[in-house]
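Note sheet for the following structure.
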């Protein structure tokens, strides 16, 4: 799991960590695991007040952006997957 | 200050350094109402005062500095000013925008613009303190860097709180991409305005103002300011912008595969992790820094405490500089990038052009293009060699003397022209536009050359969070992988160009004023109306932006720019991205051509030449004299050589 920008801040200025999950785990399981590890600081940046994943929360799975409108239980993760949690902050200068 | 002006100061200061004449003229209402201020009025003044015969480094090239009607007010992020002149780097429209605190001080002193002509007999600096304007000797500070100059002149004028805009050795030595520096690290960097200042033997402009600014409708203004601040701080990207500033982009550019590396040969960099904003923040940047009246505070003080570059301090570092002095040169050593950034600020150099010309030299060296300068040419990633060559550029020493004339002239002299990554003579910024088709168009058509700011479609790469705003404001529906599409980009880009012109002419910072989020056209309209008493619709305000865009375009047309120069750099046209997430992406020539044609159609420009049509100029109330002049110039297109007069 790799953390960028505000998610780097949310997890205590950590660039990356290894997450061990059970076989067959999905993105939803991963997000719940992260929530347990990192609590409110991560939660408020990931989800809005209605519990929806914020459109400014980008989750990339092996370099491919997973849509925030997707069902978190849809995508099953595999051993060795690299995930990135970032925000699309692309301001010029 | 005129009693009738609100927002604007209502005065233009003219200084002739040859005759030492100083005079103040009133700002004309027509000029303000047609071109707004700052960049817009600067552009019109430059258009009127120069022509193809003007030598960019000669006494007749005016150095025009301007602030907007909102600069120095309590409007959010209102610290900007623009510097405009004929560019010694490109020979066409030169224009640079800067933050910090200098611009507001000029407004407080009671001036909207300064127009500096002529050439001093020996080095001088200007001291402007409200109605007092002095031309003071500067031989004793000629040769000092900008940090030394800042301290010395403040002591001399007896005002520690004065604001100083100065050049370093690079400007004095007429390096064609020299910058003007204020607040130690804020730069009017692109297009070589520092060299124009140096050609006039003008070392610094010191300002202290006590006049204040009058607001037309203060209660309404405060209410609008409050709404704007709420919008800025409620923006979903506010935390990221205020914490990381533009250094946030490095990691994302690498991730998405558009980080220019090794002179644009590659689009990902194996050492990009070292250049991430997260590393900067956690290891080198203990404090934040902001410009005048800005609640974002996107910049940082940095300090290197250990290792080879221990003792390096400075402010920044922007993404463009991280890329220019980092990945473009194959350099993943962040402390060395911070050192190079500080050197550029002290010596007064544009980091983008400096990094690009060094990267070009590295590639030429690798290919064995020159033996004479082999020992001075660093290889990829040689950060010590990079910093050494940077110094040589500032002092025009050895290979540095050739590189100081910019990539295009250096290549004309030494070979390697096919490896120069530029449009219209100015080096390309830190986006591999093969992966972003709209930016490819924007950078190619910019009136000042390879430029990322005048038409930046900020959210092209990540539009989803803003898709509703883009639909509402621009009338475009975002498609999946929008950045790879060519369709709708002409409309996206032309809309952004108009509103960038507005923001650059009001005095506001682009970070918060790139027109869709967090501040939108209605905010600009309301701020302008309440500050100045001038009520415009959004359509009317956008038309002013369009007028400014066209006067900047006309400047280039008069210098010989035509459609064939509205193109991306040769390397980006002819090669596809060779690795990384964007592998295989290129610029389809047919699709790009179609996109350009549609852009011209939207702009009302001739399809064959790119010249604004007479009916377009008439609709924009640009005088018919200009129309005739330009149209008749079709028969006598100038042979355009990049700054041939140099």
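Of note:
- Counting the residues of region B:292-308 that are over 26 Å from the mean Cα position of the chain (by Cα) and at positive phi gives 1.
- Restricting attention to region A:11-25 and to residues that are within 30 Å of residue B:280 (Cα to Cα) and touching a helix residue (DSSP H, G or I) at 6+ places or on another chain (Cβ under 8 Å), the residue that is farthest from the other protein chains (Cβ to nearest Cβ) turns out to be A:19.
- Residue satisfying condition, being in contact (Cβ under 8 Å) with a residue 24 or more places away in the chain and within 13 Å of chain A (Cβ to nearest Cβ), within set B:456, B:441: B:456
- Qualifying residue in region B:230-241 (condition: more than 30 Å from residue B:72 (Cα to Cα), part of a helix (DSSP H, G or I) and within 10 Å of chain A (Cβ to nearest Cβ)): no
- Residue check: residue B:484 meets all listed conditions (1) at pLDDT 95 or above; (2) within 14 Å of chain A (Cβ to nearest Cβ); (3) surrounded by fewer than 21 Cβ atoms within 10 Å (Cβ to Cβ) but one, namely (1).
- Some residue of region B:503-516 being surrounded by fewer than 21 Cβ atoms within 10 Å (Cβ to Cβ), more than 14 Å from chain A (Cβ to nearest Cβ) and in contact with a helix residue (DSSP H, G or I) (Cβ under 8 Å, 6 or more places away or on another chain): no
- The strands (runs of 3 or more DSSP E) falling completely within region B:274-356 that include 3 or more residues that are free of Cβ contacts under 8 Å to residues at least 40 places away in the same chain map to B:299-303.
- Residues located in region A:69-93, provided they are within 12 Å of another protein chain (Cβ to nearest Cβ) and either at pLDDT below 75 or in a loop (DSSP other than H, G, I, E, B) (or both): A:69, A:82, A:87, A:88, A:89, A:90, A:91, A:92, A:93
- Residue within region B:186-193 that is in contact with a strand residue (DSSP E or B) (Cβ under 6 Å, 6 or more places away or on another chain), over 24 Å from residue B:363 (Cβ atoms) and more than 14 Å from chain A (Cβ to nearest Cβ) present: yes
- Test: residue in region B:566-574 that is touching a strand residue (DSSP E or B) at 6+ places or on another chain (Cβ under 6 Å) and in contact (Cβ under 8 Å) with a residue 40 or more places away in the chain: yes
- Filtering region B:2-50 to residues that are touching a strand residue (DSSP E or B) at 6+ places or on another chain (Cβ under 7 Å), surrounded by fewer than 18 Cβ atoms within 10 Å (Cβ to Cβ) and outside any strand (DSSP E or B) leaves B:2, B:20.
- Set B:453, B:492, B:471: member being over 14 Å from residue B:599 (Cβ atoms), at pLDDT 90 or above and in contact with a helix residue (DSSP H, G or I) (Cβ under 8 Å, 6 or more places away or on another chain): B:453
- Checked against (1) touching a strand residue (DSSP E or B) at 6+ places or on another chain (Cβ under 9 Å); (2) modelled with pLDDT under 90, residue A:7 passes all but a single condition, namely (2).
- Residue B:298 at pLDDT below 95 and within 13 Å of chain A (Cβ to nearest Cβ): yes
For (1) surrounded by 21 or more Cβ atoms within 10 Å (Cβ to Cβ); (2) under 18 Å from residue B:171 (Cβ atoms); (3) touching a strand residue (DSSP E or B) at 6+ places or on another chain (Cβ under 6 Å); (4) free of Cβ contacts under 8 Å to residues at least 12 places away in the same chain, each residue gets a yes or a no:
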| position | (1), (2), (3), (4) |
| --- | --- |
| B:361 | yes, no, no, no |
| B:369 | no, no, no, no |
| B:373 | no, no, no, no |
| B:390 | yes, yes, no, no |
| B:397 | no, yes, no, yes |
| B:403 | yes, yes, no, no |
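- So residue A:30, is it touching a residue at least 24 places away in the same chain (Cβ under 8 Å), more than 9 Å from chain B (Cβ to nearest Cβ), part of a helix (DSSP H, G or I) and surrounded by 19 or more Cβ atoms within 10 Å (Cβ to Cβ): yes
- All positions within region B:282-291 that are within 13 Å of another protein chain (Cβ to nearest Cβ) and more than 25 Å from the chain's Cα centre (by Cα): B:282, B:283
Residue-by-condition table, conditions (1) modelled with pLDDT of 95 or more; (2) crowded, with 21+ Cβ neighbours inside 10 Å:
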position: B:163; (1), (2): yes, yes
position: B:187; (1), (2): yes, yes
position: B:192; (1), (2): yes, yes
position: B:203; (1), (2): yes, yes
position: B:212; (1), (2): no, no
position: B:218; (1), (2): yes, no
position: B:224; (1), (2): yes, yes
position: B:237; (1), (2): no, yes
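- Tally of residues being part of a loop (DSSP other than H, G, I, E, B) and facing chain A (nearest Cβ under 10 Å) across region B:462-481: 4
- Residue in region B:206-228 that is within 14 Å of another protein chain (Cβ to nearest Cβ), over 27 Å from the mean Cα position of the chain (by Cα) and either touching a residue at least 40 places away in the same chain (Cβ under 8 Å) or under 18 Å from residue A:45 (Cα atoms) (or both) present: no
- Candidates are the residues of region B:254-273 that are at pLDDT 90 or above and part of a helix (DSSP H, G or I); the one that is nearest to the other protein chains (Cβ to nearest Cβ) is B:273.
- The lone exception for residue A:35 - which of (1) surrounded by fewer than 12 Cβ atoms within 10 Å (Cβ to Cβ); (2) more than 14 Å from chain B (Cβ to nearest Cβ); (3) modelled with pLDDT of 90 or more it fails: (1)
- From A:58, A:66, A:47, residue being surrounded by 15 or more Cβ atoms within 10 Å (Cβ to Cβ), within 14 Å of chain B (Cβ to nearest Cβ), farther than 29 Å from residue B:317 by Cβ and at pLDDT 85 or above: A:47
The values are calculated or read from the model by the stated rules, or taken from the named source; none is laboratory data. In this text, all values refer to a predicted model and were calculated from it rather than measured experimentally. Using ideal geometry, Cβ is built from the backbone for each residue, glycine included, and neighbour counts are taken over all protein chains shown.
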